[in-house]
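Since the structure comes first, as structure tokens, the remarks are kept for the end.
The values are calculated or read from the model by the stated rules, or taken from the named source; none is laboratory data. In this text, all values refer to a predicted model and were calculated from it rather than measured experimentally. Cβ coordinates were reconstructed from backbone atoms using ideal geometry, including for glycine residues, and neighbour counts include every protein chain displayed.
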């Protein structure tokens, strides 16, 4: 199965979700600023890379974990994905789309804007990380629901 | 690797008769403007209810023709298209025809009018827009 965590720019929330899924971040406590800052691809994706889904890693069950920024064109991009899958006869159950943006708060949005749009990387990164720490339990719940779904999927 | 499929994709920002008009203009030479436009409007109405982003048209043709309705953020959608094909291991080989430059303000206004429920005025606006393109290409 492919799990695709998506958000606006594939810089913060989707990357954090994928990192939690792959065990790169703790699931029993809130990670520190340094731990979050050092996860692969955190706050790195450039504006011109929005839209490209990229492979973040493979989990211990062999599922491919992707991350993608949809740039606010979620409806079009998701429908494009469905149309491609229908065209090539790929069953819809082969991919699980997870909207990581649902878990973000105002601090993550402000931090992301400062860092990615205005180029104020240091303050932007710090603010977004603090926002992610505050929302961390929500991200944990989302990832756990994804894992539960995958477990049920393989039981069937 | 999944099977390679050669595609021709018309890229536009919104659904309109324009890609069908351009298809007939490029692939059905020798016809008059009115013949082309009438055929285009018929096909536009035929495919309208499918509401897809990547719409397969004219399946009887040997070329595999698609319309990609990418919205305003074309780069995002095109990068997503390439990324998804790569993600599924599809060896794609497509030719992209970006027709969004032909989507002038008349076309966009017509689309907006259709959405609010008007019927004949949008068609007249589409016709005007297509006629401008027809004249430019024929000249």
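Some points to look at:
- The residues of the stretch B:28-45 that are out of contact with any strand residue (DSSP E or B) (no Cβ under 9 Å at 6 or more places or on another chain) and in a helix (DSSP H, G or I), listed by number, are B:33, B:34, B:35, B:36, B:37, B:38, B:39, B:40, B:41, B:42, B:44, B:45.
- Once the stretch A:90-101 is narrowed to residues that are without any contact (Cβ under 8 Å) to a residue 60 or more places away in the chain and out of contact with any strand residue (DSSP E or B) (no Cβ under 9 Å at 6 or more places or on another chain), the residue that is surrounded by the most Cβ atoms within 10 Å (Cβ to Cβ) is A:92.
- Test for residue A:44: is it surrounded by fewer than 16 Cβ atoms within 10 Å (Cβ to Cβ) and away from chain B (no Cβ under 14 Å): yes
- Any hit, the stretch B:48-55, residues being surrounded by fewer than 20 Cβ atoms within 10 Å (Cβ to Cβ) and assigned to a loop (DSSP other than H, G, I, E, B): yes
- Meets criteria (modelled with pLDDT of 95 or more and either in contact with a strand residue (DSSP E or B) (Cβ under 7 Å, 6 or more places away or on another chain) or closer than 24 Å to residue A:130 by Cβ (or both)) for residue A:12: no
- Matching residues in the stretch A:70-81 - criterion: being surrounded by 15 or more Cβ atoms within 10 Å (Cβ to Cβ) and either more than 8 Å from every other protein chain (Cβ to nearest Cβ) or within 19 Å of residue A:143 (Cα to Cα) (or both): A:74, A:78
- Selection from the stretch B:82-139 of residues that are under 30 Å from residue A:50 (Cβ atoms), outside any helix (DSSP H, G or I) and at pLDDT 85 or above: B:88, B:89, B:90, B:94, B:95, B:96, B:97, B:98, B:99, B:103
- One residue alone among A:83, A:74, A:28 is in contact (Cβ under 8 Å) with a residue 60 or more places away in the chain and out of contact with any helix residue (DSSP H, G or I) (no Cβ under 6 Å at 6 or more places or on another chain), and that residue is A:74.
- Annotation for the stretch B:76-90: no member residue is away from chain A (no Cβ under 14 Å) and at positive phi.
- Selection count where residues are under 15 Å from the mean Cα position of the chain (by Cα) and either surrounded by fewer than 18 Cβ atoms within 10 Å (Cβ to Cβ) or farther than 23 Å from residue A:120 by Cβ (or both), scope the stretch A:16-41: 12
- Taking the conditions (1) closer than 29 Å to residue A:72 by Cβ; (2) surrounded by fewer than 18 Cβ atoms within 10 Å (Cβ to Cβ); (3) in contact (Cβ under 8 Å) with a residue 12 or more places away in the chain in turn, residue B:99 satisfies each one other than (2).
- Selection count where residues are within 12 Å of chain B (Cβ to nearest Cβ) and at pLDDT below 95, scope the stretch A:56-69: 0
- Filter pass, residue B:125 being over 30 Å from residue A:1 (Cβ atoms) and crowded, with 18+ Cβ neighbours inside 10 Å: yes
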